[in-house]
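Report on the structure given below.
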Amino acid sequence: MMKKLILISFFIFSFLFAGNIVAQTVQQIAFLNSNEILDVMPQKIEASKTINDLNQKYKTELKVMQNDYNKKYSDFISYQNTMADNIRLRRMQELYELERQINDFMKVAQEDIQNQEKQLIEPLRQRLKDTIYQVGVEQGLICIYDLANPAIAFVTPTAVDVTPLVKQKLGIRK
């Protein structure tokens with residue numbers, strides 16, 4: 001009878017212990033949506049407004065340049081048959097130069113906007129990444145999956161990298 005009681009106690013203890021390990025493992029894996037978090041950060045909202053304002057300024061200037069080009073092009077088309085050859089060539093060169101200026105302006109504007117985004121948004125992404133790391137460590141999590149980017153956003157610093165073992169098993173020496 002004592003053996004049965006010890007055996008039953010052992011099974012109950014083993015079951016509770018195993019259940020506790022499974023429960024802890026499930027609780028140590030988490031997920032988040034980094035885009036959702038980033039989009040509501042006050043600094044991101046302000047940065048987006050700054051970038052949108054800059055973009056609007058470039059659009060306004062581009063519209064002025066395009067209107068100037070369209071007027072000169074329309075005038076050229078209307079009067080090209082009555083122009084002397086040298087004047088026609090000079091006006092064609094002006095139109096070509098205006099096209100080039102517009103293209104250069106668009107390229108510079110695009111680069112400036114991208115630089116502004118990088119300058120304003122990248123620090124926020126890094127801050128978010130650092131905060132995710134802190135939360136992962138504080139909460140004792142094994143990993144945090146990011147639903148916005150199909151990747152793991154955090155892995156515990158005590159995790160074991162088995163890359164060398166897998167390489168060894170595959171016979172890879174590097």
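The values are calculated or read from the model by the stated rules, or taken from the named source; none is laboratory data. Remember, it's a predicted structure, so these values are computed and weren't measured experimentally. When we count neighbours, we look across all protein chains shown, and the Cβ atoms used for this are built from the backbone with ideal geometry, even at glycine. Accessible surface areas use protein heavy atoms only, side chains included; no ligands, DNA or RNA. Shrake-Rupley method; radii C 1.70, N 1.55, O 1.52, S 1.80 Å.
Residue under question is L32, and the condition is that it be open to solvent by less than 60 Å² (accessible area, probe 1.4 Å) and either modelled with pLDDT under 95 or in contact with an Asp or Glu (Cβ under 7 Å, 6 or more places away or on another chain) (or both); does it hold? Can you show your working first?
Working: open to solvent by less than 60 Å² (accessible area, probe 1.4 Å): yes; either modelled with pLDDT under 95 or in contact with an Asp or Glu (Cβ under 7 Å, 6 or more places away or on another chain) (or both): yes.
For L32, the condition - open to solvent by less than 60 Å² (accessible area, probe 1.4 Å) and either modelled with pLDDT under 95 or in contact with an Asp or Glu (Cβ under 7 Å, 6 or more places away or on another chain) (or both) - is met.
Only one residue in Y58, Y79 is modelled with pLDDT under 95, in contact with a helix residue (DSSP H, G or I) (Cβ under 9 Å, 6 or more places away or on another chain) and part of a helix (DSSP H, G or I), so which one is that?
Values: Y58 fails: modelled with pLDDT under 95.
Residue meeting the stated conditions: Y79.
Of all residues in the stretch 129-147 being hydrophobic (A, V, I, L, M, F, W, C) and in contact (Cβ under 8 Å) with a residue 24 or more places away in the chain, which is surrounded by the most Cβ atoms within 10 Å (Cβ to Cβ)? Here the residue is I144.
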